[in-house]
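Notes follow once the structure below has been shown.
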Amino acid sequence: MTTSGKLIIFSAPSGAGKTTIVRHLLEKFPELEFSISATTRQSRGEEVNGKDYYFISKEEFLHLIAKKQFVEFEEVYSGTFYGTLRTEIERIWQDGKTVIFDIDVEGGLHLKRKYDGQALAIFVQPPSLKVLIERLKGRGTDSEEKLKERFIKAEKELNYAPQFDIILKNYDLETACKEAEVLVSNFLKS
Ligand code: 5GP
């Protein structure tokens, strides 16, 4: 049986704060459920397999591509794949919930186009590229080389903001979370 429901997409350059905002919304709204992406990157810090991501090998990822299991996927960083599994969205809709995504900018726009009319696509905007770079460095989880790749990608991604339904400024996290709550609440009622 195929079901259909709503989707809320949060996209932003890495370090803009979207993961924190999405976690906040998940605590606030029981109607939401997080779409757990598959990735070939290593888990970092306290990340848990099957909660933050499905951490899988590149072979497994390529096998899932061949079996057309992804709604979208991307080589977000060179050699590192991320993707949204079809089964993930179906599972959440079958539970009668709205899917919420923490996804990169191109993936977010891809989903917005694919689920036109069912999706709310929000771009989380950091105060500046400089602040973004400071935040990424402060995380201390990436090598110098990986950080550089993230900065280059972030600079490009900032230009995509106008293609989203909403640009949510994250200059102050508490304010951004409150604004996100209003956006989600209105969308869930719509
Ligand atoms: P990170 O390695 O920092 O967890 O994620 C890197 C980027 O990949 C982030 O912008 C994150 O939102 C994005 N991402 C996570 N899951 C997916 C996915 O399923 N598809 C795409 N296209 N990007 C994803």
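The values are calculated or read from the model by the stated rules, or taken from the named source; none is laboratory data. Keep in mind the model is a prediction, meaning the values are calculated, not measured. All Cβ positions, glycine included, derive from the backbone under ideal geometry; neighbour counts span all protein chains shown. These accessible areas exclude ligands, DNA and RNA; they are computed on the full protein's heavy atoms, side chains included. Shrake-Rupley method; radii C 1.70, N 1.55, O 1.52, S 1.80 Å.
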Exercise. Just one of the numbered conditions (1) without any contact (Cβ under 8 Å) to a residue 40 or more places away in the chain; (2) in a loop (DSSP other than H, G, I, E, B); (3) under 21 Å from D95 (Cα atoms); (4) not acidic (D, E) is not true of T3; which one?
Worked result: (1)
Seminar exercise, completed: Matching residues in the range 133-190 (in a helix (DSSP H, G or I), modelled with pLDDT of 90 or more, of a type in the set (A, V, I, L, M) and surrounded by 14 or more Cβ atoms within 10 Å (Cβ to Cβ)) number 7
Exercise. What number of residues within the range 21-47 are more than 10 Å from the ligand (Cβ to nearest atom) and either among the charged types (D, E, K, R) or at pLDDT below 95 (or both)?
Worked result: 7
Problem set entry | Single match in K130, K112 (criterion: open to solvent by 30 Å² or more (accessible area, probe 1.4 Å), under 18 Å from G17 (Cβ atoms), charged (D, E, K, R) and in a helix (DSSP H, G or I)) | K130
Seminar exercise, completed: Those residues of the range 99-108 which are assigned to a helix (DSSP H, G or I) and open to solvent by 10 Å² or more (accessible area, probe 1.4 Å) amount to E106
For this session: Scan I65, I9 and give me the residue that is in contact with a Leu (Cβ under 9 Å, 6 or more places away or on another chain) and at negative phi.
Result: I9
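Quick check on E47: is it outside any loop (DSSP other than H, G, I, E, B) and without any contact (Cβ under 8 Å) to a residue 60 or more places away in the chain?
Spelling it out, it is not the case that E47 is outside any loop (DSSP other than H, G, I, E, B) and without any contact (Cβ under 8 Å) to a residue 60 or more places away in the chain.
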Exercise. Looking at the range 39-54, which of its residues are surrounded by 10 or more Cβ atoms within 10 Å (Cβ to Cβ) and either touching a helix residue (DSSP H, G or I) at 6+ places or on another chain (Cβ under 6 Å) or closer than 17 Å to V76 by Cα (or both)?
Worked result: T39, T40, R41, S43, R44, D52, Y53, Y54
